[in-house]
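The values are calculated or read from the model by the stated rules, or taken from the named source; none is laboratory data. Worth saying up front: this structure is predicted, and the values here are computed from it rather than measured. So basically every Cβ, Gly included, is an ideal-geometry build from the backbone, and we count neighbours across all protein chains shown.
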Amino acid sequence: MKNFGRTGSTNLEKLDIQYSMLNTCGDDRVIKGEFAEKGLKMVNRCVLICVAMCLCALLSNCQIEERTKMSIKKEIFGKTADGKEVDLYTLTNKNGLVARITNFGGILVGLEVPDRDGNMADITLGHDTLEGYIKDKVYLGVTAGRYGNRIAKGRFTLDGVEYKLAVNDGPNHLHGGIKGFNKVVWNGRQLQKDEGPAVEFTYHSKDGEEGYPGDLSVSVVYTLTNDNELKISYEALTSKPCPVNLTHHSYFNLTGDATCDILGHILTMHASRFTPVDKTAIPLGNIESVKGTPMDFTEPTAIGTNIAKIKGGYDHNYVLDSAGETLALAAKVYEPKTGRVMELYTTEPGVQFYSGNFLDGTIKGKGGITYNKHAGLCLETEHFPDSPNKPQFPNSILRPGQKYTQVTVHKFYTE
Ligand code: BGC
């Protein structure tokens with residue numbers, strides 16, 4: 001548009017100017033449009049930057065909060081009679097779940113998980129003090145080994161040599177003997193893993209300890225994952241062929257109140273068979289179906305439903321359908337009052353389901369609570385009892401050059 005000066009501009013021109021102030025055309029449109037676009041872009045950018053900054057601040061706040069929630073604390077738990085210092089590790093994951101673990105016996109001292117309303121409670125039986133664990137005879141929360149569960153008469157023959165183990169349960173060997181892995185002081189080390197706080201315990205068991213052949217180097221790693229799992233991973237190496245069967249022996253009570261029994265807990269086992277036992281709880285050697293018997297937990301069933309039909313209560317090895325080849329779901333426990341659920345995954349072929357039958361009111365545990373019959377339940381993931389004497393059972397012999405591994409995951413949520 002040719003400009004002849006503003007003075008004396010016609011009405012039409014005035015209109016055009018006004019119009020052109022609102023709408024631009026041609027070259028003007030390009031210039032004004034670019035300017036406006038740039039301005040808009042700048043505003044947009046500023047808004048974006050502000051939003052991004054706010055998000056970053058929010059995120060880093062959350063991360064800081066998560067990081068501050070996620071922690072490992074180490075403190076002194078006490079001393080053994082021979083003067084060894086024992087530590088207590090407190091692992092907290094980003095959701096506030098807490099696991100307390102000691103290097104005495106590789107014991108899980110406490111595990112706090114939320115109910116369906118978010119209330120936290122300790123769902124394991126145990127003791128408040130190291131002395132309690134030193135005196136303990138029922139394996140509360142322990143790492144059992146070298147051989148968790150029973151070996152008949154404490155004897156087995158391996159490569160033509162007969163070995164005699166400590167006998168500590170009637171005529172049999174139980175949970176590694178008189179001074180099993182549950183009564184020794186392990187070396188402890190904190191680990192900060194991506195999946196959550198962790199602690200590793202290592203122990204060197206000497207050739208001949210409790211009668212077992214070979215030097216055995218063992219490690220157990222407890223990880224409290226940010227997916228609300230307590231993961232227990234075991235490894236072992238031996239200098240001579242030896243049976244190895246490491247397991248975890250926590251007594252769980254998902255109500256969080258050990259004055260209640262566990263008979264109302266709903267149990268599902270992914271096991272359609274079990275190993276029947278003799279009077280001393282040694283497997284007879286055969287494997288039977290649970291179908292149509294009080295042993296059947298293939299469908300969710302309250303533990304108390306058929307317990308009276310099982311003499312003494314449940315204390316049996318279930319043969320997992322997964323056969324122990326990969327990490328697979330073995331069991332689920334649901335507690336209806338609190339909504340707490342514990343799922344159990346394992347690489348092992350069996351689970352000893354023990355319904356706390358021998359808790360007889362003589363033990364005072366955490367907070368001075370008396371542990372009565374069925375105050376807790378154990379689900380011990382392991383090879384079948386007495387495997388060293390039962391060649392038809394999955395092999396439990398570790399040989400030099402081989403590495404023993406076992407992984408068990410306890411996953412918690414609510415329903
Ligand atoms: C066994 C029970 C035993 C208990 C000891 C369980 O693993 O199966 O028979 O009494 O450990 O606390």
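Yes or no, residue by residue, for (1) under 22 Å from Gly132 (Cα atoms); (2) away from the ligand (no atom under 16 Å from the Cβ); (3) touching a strand residue (DSSP E or B) at 6+ places or on another chain (Cβ under 9 Å):
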{"position": "His173", "(1), (2), (3)": "no, no, yes"}
{"position": "Asp194", "(1), (2), (3)": "no, yes, no"}
{"position": "Pro197", "(1), (2), (3)": "no, yes, yes"}
{"position": "Tyr212", "(1), (2), (3)": "no, yes, yes"}
{"position": "Glu229", "(1), (2), (3)": "no, yes, yes"}
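Looking only at segment 130-156, residues that are over 22 Å from Val218 (Cα atoms) and either touching a residue at least 60 places away in the same chain (Cβ under 8 Å) or within 12 Å of the ligand (Cβ to nearest atom) (or both) come to 6 in all. Given the condition within 16 Å of the ligand (Cβ to nearest atom) and at positive phi, answer yes or no: does some residue in segment 163-171 qualify? Scanning segment 163-171 turns up at least one residue that is within 16 Å of the ligand (Cβ to nearest atom) and at positive phi.
Checking Leu254, Leu267, Leu237 one by one, the residue that is within 30 Å of Asn187 (Cβ to Cβ) and in contact (Cβ under 8 Å) with a residue 12 or more places away in the chain is Leu237 and no other. Listed by position, the strands (runs of 3 or more DSSP E) contained in segment 269-343 that have at least 3 residues being away from the ligand (no atom under 15 Å from the Cβ) and modelled with pLDDT of 95 or more are 328-334. Just to be sure, is Thr259 assigned to a strand (DSSP E or B) and of a type in the set (Val, Ile, Thr)? No; evaluated as a whole, the condition is false for this residue.
Okay, residues lined up against (1) at pLDDT 95 or above; (2) assigned to a strand (DSSP E or B); (3) in contact with a strand residue (DSSP E or B) (Cβ under 9 Å, 6 or more places away or on another chain); (4) surrounded by 20 or more Cβ atoms within 10 Å (Cβ to Cβ):
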position: Phe35; (1), (2), (3), (4): no, no, no, no
position: Tyr89; (1), (2), (3), (4): yes, yes, yes, yes
position: Val109; (1), (2), (3), (4): yes, yes, yes, yes
position: Glu112; (1), (2), (3), (4): yes, yes, yes, no
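Filtering segment 207-221 to residues that are out of contact with any Asp or Glu (no Cβ under 6 Å at 6 or more places or on another chain) and not in a helix (DSSP H, G or I) leaves Gly208, Tyr212, Pro213, Leu216, Ser217, Val218, Val220.
What do you reckon, is Val351 away from the ligand (no atom under 16 Å from the Cβ), part of a strand (DSSP E or B) and in contact with a Phe, Trp or Tyr (Cβ under 9 Å, 6 or more places away or on another chain)? For Val351, the condition - away from the ligand (no atom under 16 Å from the Cβ), part of a strand (DSSP E or B) and in contact with a Phe, Trp or Tyr (Cβ under 9 Å, 6 or more places away or on another chain) - is not met. On the stretch given as segment 222-247, residues that are under 26 Å from Asn168 (Cβ atoms) and not in a strand (DSSP E or B) total 5.
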